[in-house]
1. Can you find even one residue in the range 43-54 that is out of contact with any strand residue (DSSP E or B) (no Cβ under 8 Å at 6 or more places or on another chain), surrounded by fewer than 19 Cβ atoms within 10 Å (Cβ to Cβ) and at pLDDT 95 or above?
2. In the range 196-206, which residues are surrounded by fewer than 24 Cβ atoms within 10 Å (Cβ to Cβ) and either in contact (Cβ under 8 Å) with a residue 24 or more places away in the chain or in a loop (DSSP other than H, G, I, E, B) (or both)?
3. Those residues that are surrounded by fewer than 20 Cβ atoms within 10 Å (Cβ to Cβ) and more than 14 Å from residue 124 (Cα to Cα), I need them from the range 87-109; list them, please.
4. Modelled with pLDDT of 95 or more, farther than 20 Å from residue 191 by Cα and touching a strand residue (DSSP E or B) at 6+ places or on another chain (Cβ under 8 Å), is that true of residue 139?
5. Only one of (1) crowded, with 19+ Cβ neighbours inside 10 Å; (2) touching a helix residue (DSSP H, G or I) at 6+ places or on another chain (Cβ under 6 Å); (3) under 16 Å from residue 102 (Cβ atoms) is not met by residue 129, so which one is it?
6. Does residue 149 satisfy being more than 30 Å from residue 81 (Cβ to Cβ) and in contact with a helix residue (DSSP H, G or I) (Cβ under 8 Å, 6 or more places away or on another chain)?
7. Restricting to the range 150-184, name every residue that is surrounded by fewer than 16 Cβ atoms within 10 Å (Cβ to Cβ) and at negative phi.
8. Tell me, please, whether a residue that is closer than 24 Å to residue 47 by Cβ, at pLDDT below 95 and touching a strand residue (DSSP E or B) at 6+ places or on another chain (Cβ under 7 Å) can be found in the range 106-128.
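The values are calculated or read from the model by the stated rules, or taken from the named source; none is laboratory data. Remember, predicted model here, so these are calculated numbers, not experimental data. Here the Cβ positions follow ideal geometry from the backbone for every residue, glycine too, while neighbour counts run over all protein chains shown.
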């Protein structure tokens, strides 16, 4: 089994040619992976994490797309209220497998449950992304879906990954960027699996 603490950060889009159009770019996220994606893509940005109040539980009957878009908007709005001008990026990501929405695992046991659910199946990574423009307060809210397949990994492989601790803080209990050779993308954005769809973000900023 291969995985690495040196992350694989996709850089399929580079934003340097757009930098002169962006007066002030703010990432409304605590995620180190989203920060690394933007850094690797050549973006000049500031990080302002949203308040805990911007986080929320899924509403009864709320589907995964509506859920991630609502949270992305709440995070962007929360940070936008703190600045005078700029473009705030809010994001939220979940994994969907067999009609179950998987968020960040609560603990090792929960992460193991998620990996056992995902192995041998196709699943979807869905990210909501919101751009909040200040001072105009115009909002662009979209989502991206990537389909993956996880090999039928063994209990030994699952336990080794759980022992690594790399599952912590990651939707679905896994990190594509951990160089796991038991994950492959079937369709969609590679960077979306890490938590920030660069292609969609570039399109929204044009």
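1. For the range 43-54, residues out of contact with any strand residue (DSSP E or B) (no Cβ under 8 Å at 6 or more places or on another chain), surrounded by fewer than 19 Cβ atoms within 10 Å (Cβ to Cβ) and at pLDDT 95 or above: present.
2. Of all residues in the range 196-206, those surrounded by fewer than 24 Cβ atoms within 10 Å (Cβ to Cβ) come to 199-200, 202-206.
199, 200, 202, 204, 205, 206 - these are the residues of the range 196-206 that are surrounded by fewer than 24 Cβ atoms within 10 Å (Cβ to Cβ) and either in contact (Cβ under 8 Å) with a residue 24 or more places away in the chain or in a loop (DSSP other than H, G, I, E, B) (or both).
3. Selection gives 104, 106, 107, 108, 109.
4. On the way: modelled with pLDDT of 95 or more: yes; farther than 20 Å from residue 191 by Cα: yes; touching a strand residue (DSSP E or B) at 6+ places or on another chain (Cβ under 8 Å): yes.
So residue 139 fits the description; yes.
5. Only one criterion in (1) crowded, with 19+ Cβ neighbours inside 10 Å; (2) touching a helix residue (DSSP H, G or I) at 6+ places or on another chain (Cβ under 6 Å); (3) under 16 Å from residue 102 (Cβ atoms) is unmet by residue 129, namely (3).
6. On the way: more than 30 Å from residue 81 (Cβ to Cβ): yes; in contact with a helix residue (DSSP H, G or I) (Cβ under 8 Å, 6 or more places away or on another chain): no.
Criteria not met by residue 149.
7. The initial filter retains those residues of the range 150-184 that are surrounded by fewer than 16 Cβ atoms within 10 Å (Cβ to Cβ), namely 151-152, 154-156, 159-160, 163-165, 168-169, 179, 181, 184.
If the condition is that a residue be surrounded by fewer than 16 Cβ atoms within 10 Å (Cβ to Cβ) and at negative phi, then 151, 152, 154, 155, 156, 159, 160, 163, 164, 168, 181, 184 are the ones that fit.
8. The first filter runs over the range 106-128 and keeps only residues closer than 24 Å to residue 47 by Cβ, leaving 125-128.
Checking which are at pLDDT below 95 leaves us with none.
So far as the range 106-128 goes, no, none of its residues is closer than 24 Å to residue 47 by Cβ, at pLDDT below 95 and touching a strand residue (DSSP E or B) at 6+ places or on another chain (Cβ under 7 Å).
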